[in-house]
Amino acid sequence: MKTRNLITMLSIFAVFAISVTMFGYDQYFQSTNGNKTHLSSLLDGNSLCFDSKESVKSCYLLDELRIHGCSTPILEHLAQYSNLLDAEYHEMFYIEWPSLPNNISEKDYDACIEFLNNVRLPLIQEDKIDTKSEPESPATPTAFADGIVEIVNPEHEPLKYKTTIPVIDETYLSKNIQQWSDTDRHELDSGYQKYGDDFYTELGRLLIKNEMQYQMNNLGIVNANDDFEVFSGGMLTSLPPHIGFSAVVYATDGNYYRLQGGTFANQVSYYRTTQLQFPDTAENLPMESLLDKPQLVTILPEDGNKARQEPSTLVIHADDGTVEFFNNTPDVIRIQDSGSGRIGEEDTLAWIGPTVLPFQSATMTFDISGLIEWDARKAPNLENPLWWQTHAGGDIIVLSDDIDGFSRDDRARIAQKMLHNSDIPIVSSGAGNAEKVLKINLDPAIVAMVPDAEEYYLKRAHQLIPFDVEIVIDGR
């Protein structure tokens, strides 16, 4: 009996020590008795969902939970012997600590507890908000503290999609999010045959809206309105098509948030969340504020559809026109005028810059104002002995104090490059037109939600361009 009591006490002490280390706040542990809860009674289809009193719902597919160590045996163990999955979870975690079954890894078990606890805490903390008195200025989500205005989804990669986790109750053609997520390609093709091009657009609108709400829940963004509208954008005309979408919500913290994502068939890819900023357009900006620092261009290795240069556009001043090119690839790279890479045709190029060895840097000075279009080309090899092969490319805008000499056409083209590198939500633009003006199309989601958006962004565009240029903005 003494041995048994000693083992029990040591077990409880070990659990307490581990948990204090993991979670770092007050908790208590106790042994529980009575009827045990089983995992099957907690599942919503193939998902585990948690609710708060404010009707915030956070759901996780079992497949997603496995990534965080939460295998089905571990979830079953937690359901039976802890309060972590209980509807009335109150931040203080307790567990009856029998020996772990042989099919449970202690490392995965600890990781799962930490993940689920982090999931539950934001919902609990929201329940604790005193609804009797509204704060004068609701707090900005923590993710956007310290001056952060854009959060790129770390899981996003071009043309990489996933199944969205259901958090909204809306439907399309009488099917909800989960049902569409479970639909096979044959049924999707039948829907396209019956409803035409609108089928994938409207299905995508529903699925990406769900993903946008899921991302807002995770970031702590609360929509001040009852609903939000999702706008379709660019499309790659494959079958099924790749479709881009955007939305803008006005949140309870007084900020506008732009949400961007895309769909392919019945899967989604969330790009980024941006807290829109509205600088004072009456301010005269000094030339220095328009220049990029550091004056560095990095050539990146090939990685799927990702960019191979950073940045794509660099703005400098002719008085300090030295640019560093860093070759972050295993290949020898030549920097040159945008044009032919064929050996023997060098005289067709306006200039040829430095040859940069792998993982080395070289500099070049641009002291004539204008738009410089450059290529980064890989050295000839046995397969291509006569060519410097295309690898990357971009633009360098060289400003000067005397820029009145720019032609009308050059002004439009330079302004186009500069504004695409700005905070203006441009979805398309054109500068090579007969009128020689810059035509800009804004994200329609912003035009629909932000009062006087077209007027504001026209003023902002002129503020960011240090020379006269005619700009036409269309929000359609």
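All of the numbers you see were taken from the coordinates with simple rules; none came from a lab. Since we're looking at a predicted model, the values are computed, not measured. Here Cβ is always computed from backbone atoms with ideal geometry, including for glycine, and neighbour counts include all displayed protein chains.
Holding the Cα-Cα limit at 18 Å, pick out from 439/459; 160/378; 209/439; 107/162 the pairs that are longer than that. Can you show the working numbers first?
Values: 439/459 14 Å; 160/378 28 Å; 209/439 29 Å; 107/162 27 Å.
As for pairs spanning more than 18 Å Cα to Cα, those are 160/378; 209/439; 107/162.
Given axes a ≥ b ≥ c from the Cα gyration tensor, I'd like to know whether segment 215-302 is rounded (a/c under 1.5), prolate (a/b larger than b/c) or oblate. Let's see the in-between values first.
On the way: a/c = 2.30, a/b = 1.20, b/c = 1.91.
Here segment 215-302 falls in the oblate category.
If you look at just the Cα atoms of segment 142-275, how large are its Rg and its Dmax in Å?
For segment 142-275, the Cα radius of gyration and maximum Cα-Cα distance read 14.9, 50 Å.
What FRET efficiency, computed as 1/(1 + (r/R0)^6) with R0 = 25 Å and r the Cβ-Cβ distance, is obtained for residue 474 and residue 423, rounded to the nearest 0.05? Mind showing how you got there, number by number?
Details: r = 19 Å, r/R0 = 0.74.
E between residue 474 and residue 423, to the nearest 0.05, is 0.85.
In what sequence do 189, 410 fall when counting other Cβ within 10 Å, fewest first?
On the way: 189 14, 410 18.
Ranked by crowding around the Cβ, least crowded first: 189, 410.
Would you order 104, 440, 165, 221 from fewest to most other beta-carbon atoms within 10 Å of each residue's own beta-carbon?
Working: 104 17, 440 26, 165 20, 221 23.
Ordered by Cβ neighbours within 10 Å, fewest first: 104, 165, 221, 440.
How do 422, 40 rank when sorted from fewest to most other Cβ atoms within 10 Å of their own Cβ? Walk me through the intermediate numbers first.
Numbers: 422 15, 40 8.
Fewest-to-most ranking of 422, 40: 40, 422.
Suppose every Lys and Arg Cβ carries +1 and every Asp and Glu Cβ carries -1, with no other charges. What dipole size does segment 276-428 come out with about its Cα centre, to the nearest 20 debye? Intermediate values should be presented prior to the final figure.
On the way: 11 positive and 26 negative charges, 115 e Å.
That gives a dipole near 560 debye.
For segment 404-476, what is the relative contact order in percent, using Cα pairs closer than 8 Å and at least 6 residues apart in sequence? Don't skip to the answer; put the middle values down first.
Details: 102 pairs, mean separation 25.9, N = 73.
Worked out over segment 404-476, it gives 36 percent.
Would you mind working out the magnitude of the charge dipole of segment 404-476 relative to its Cα centre, with +1 at each Lys and Arg C-beta and -1 at each Asp and Glu C-beta, to the nearest 20 Debye?
Details: 9 positive and 12 negative charges, 38 e Å.
That gives a dipole near 180 debye.
Charges at C-beta only: +1 for Lys and Arg, -1 for Asp and Glu. How large is the resulting dipole of segment 260-307 about its Cα centre, in Debye rounded to 20?
For segment 260-307, the charge dipole is close to 220 debye.
Among 407, 425, 458, pick out the residue whose Cα is farthest towards the positive end of the charge dipole of segment 404-476, where Lys and Arg carry +1 and Asp and Glu carry -1 on C-beta, about the Cα centre.
407
Pop the C-beta distance of residue 43 and residue 306 into the FRET formula with R0 = 45 Å and round what comes out to the nearest 0.05. Show your work: numbers first, answer last.
Working: r = 37 Å, r/R0 = 0.83.
Calculated transfer efficiency: 0.75.
Distance in nm between label sites at residue 236 and residue 106, each 7 Å beyond Cα in the beta-carbon direction?
4.7 nm
No solvent, one uniform scatterer per C-alpha: report log10 I(q)/I(0) for segment 277-375 via the Debye equation at q = 0.21, 0.25 1/Å, two decimals.
These q points yield log10 I(q)/I(0) values of -1.17, -1.44.
Once the piece of chain linking residue 277 and residue 63 is laid out straight, how much longer is it, given 0.36 nm per residue of separation minus the C-alpha distance between them? Before the final figure, lay out each step's value.
On the way: separation 214, 0.36 × 214 = 77.04 nm, distance 3.75 nm.
Here the segment from residue 277 to residue 63 would lengthen by 73.3 nm.
For residue 324 and residue 157, what does the FRET efficiency come to when R0 = 22 Å and r is the distance between their Cβ atoms, rounded to the nearest 0.05?
Values: r = 28 Å, r/R0 = 1.28.
The pair residue 324/residue 157 has a calculated efficiency of 0.20.
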